[in-house]
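We did not get these values from a lab; they are worked out from the coordinates using the rules stated. Everything quoted here is computed from the prediction, not taken from an experiment. Positions of Cβ are generated from backbone atoms using ideal geometry, with glycine treated the same way; all protein chains shown enter the neighbour counts.
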Amino acid sequence: MTHLRVFSFKSSSRWLLLVVPLILLASGGLHAAEANDNDVAARLKLLEERVKQLEAELEALKAAKVVAGPEAATPGASAPPVVPTAPAPPEVATGPSGQLPVYGGASALAKIFNPDIGVIGNFVGAVGRNRVNPFPALSMAESEVSFRAIVDPYAQADFFLSFGEEGVELEEGYVTFPALPGGFLAKVGKMRSSFGKVNTLHDHNLPWIDRPLMTDNLLAGEEGLTDAGLSISRLLPAPGGLFLEATAQVFRGDSGDLFQSNRRSDIAVLGHLKSYYDLTDQTNLELGGSYARGHNDFGSDFVTQLFGVDATLRWKPLRRAIYHSFIARGELVWSRRDDPLNVQRTFGYFLSTDYQLARRWFLGGRYDWAERGHDAGLHDSGGSILLTYWPSEFSQVRGQLRRTHYAEAHTAYELLFQVLFIIGAHGAHPF
């Protein structure tokens, strides 16, 4: 019995040693939980007070906006009653007149539906005498307004309005679908055709003040081949880093005095193949071939066909690219025009160079020779020297000394000058 009592006493002691710590831990956990609950409750109370404070500030701002109407801005009028407001939170920036506007929020969302807008002014003057094709002494030759925007993830729209002294016209307006199946790119609308190189350029993007005689005599004059139609282009597989692009276009068939559509089926078609290759790290060569066919002003039974070849050589040293560069251009055009008596076969070309003297100065030259599309027996020729100064990418000043010998046995000597300026957004032109 004595042994049993000793055993019971020892066992009870062991149980007490186990149970007491557990009781202490449980009581500590309860106190910790109660403390956590108190902390959470305190935080919730602070948040509730913060929300009430912000609501009071918002109501005060609304009341101040209602009270401060047009009458408050009248000189001599009594000041509106001061509405007490809670102090602004530290994270809100304030200025002398109150809370600063938030940029990138509502103002950015408001622009989503607005296109990028740009305006280009083209001021041209002339000194000298030209009895055949004179420039005005001073003129705002063109003011181009552009609207460009993404229509949706599959299309982009471009509009170019030309404001001249004779009125307003749509120079180009088309929608581009850049991600069609099969790697095709499509354009629909009114656009400049892809015949040659110069025809694709707007007036302000030309490296000269005027267009070459070849354009005036064989390619529908200043407006060039511009018409409403459909264009499809695609990159072609090529070896050895050669870039090849093929373009096929269908137009209504009205382009100045070159193509004229007398009935719905008198459409004009055009094809262009462009190749590009890097000769070295700083020199590249671009070659192109073009064909166009349409009906002329004699009727649906008479056709005018055009064949063209263009070449552009560019040189830009890698280390001095912003100070020196060189571009040589050339374009040749053959025309075959049907008329009631015979077929007129005419030819024209131009060659030009541009050398960058310094960061903002460029020196250029151009030679023209072109027969007249309506009479192969007449041809014009001429030469020009140009000096261009670029104060910045948004302005340009250019002078052009031009000598032109016309088929009428008249030689014109002229000094042309041009001032270009750009405001707003204006997208890059094709390379």
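Note the per residue figure in Å³ for the convex hull of the C-alpha positions in region 117-424.
Per residue, the Cα convex hull of region 117-424 comes to 151 Å³.
Does region 316-431 come out rounded, prolate or oblate by the C-alpha gyration tensor, with a ≥ b ≥ c the root eigenvalues, rounded set by a/c under 1.5 and, if not, prolate when a/b is larger than b/c and oblate if not?
Details: a/c = 2.32, a/b = 2.01, b/c = 1.16.
In terms of gyration-tensor shape, prolate.
Between SER139 and LEU357, what's the calculated FRET efficiency when r is the beta-carbon distance and R0 is 51 Å? Round to 0.05.
The pair SER139/LEU357 has a calculated efficiency of 0.95.
Give a quick list of trypsin sites (Lys or Arg not before Pro) in region 220-307 that DSSP marks as loop, anything other than H, G, I, E or B, with at most 11 other Cβ atoms within 10 Å. Provide the component values of the computation, followed by the final result.
Working: sites: ARG234, ARG252, ARG263, ARG264, LYS274, ARG293; in loops: ARG252, ARG263, ARG264.
For trypsin sites (Lys or Arg not before Pro) across region 220-307 that sit outside H, G, I, E and B with at most 11 neighbouring Cβ atoms in 10 Å, the list reads ARG263, ARG264.
In region 354-431, what GluC sites (Glu not before Pro) fall in a loop by DSSP, with at most 15 other Cβ atoms inside 10 Å?
Taking region 354-431 and a limit of 15 other Cβ atoms within 10 Å, the loop GluC sites (Glu not before Pro) found are GLU393, GLU408.
What list do you get for VAL168, VAL198, VAL419 if you sort them by fewest beta carbons within 10 Å?
VAL168, VAL419, VAL198
Gap in Å between the Cα centre of region 115-156 and the Cα centre of region 410-428?
Cα centroid to Cα centroid, the span is 9 Å.
In whole angstrom, how far apart do the alpha carbon centroids of region 218-276 and region 295-373 sit?
16 Å
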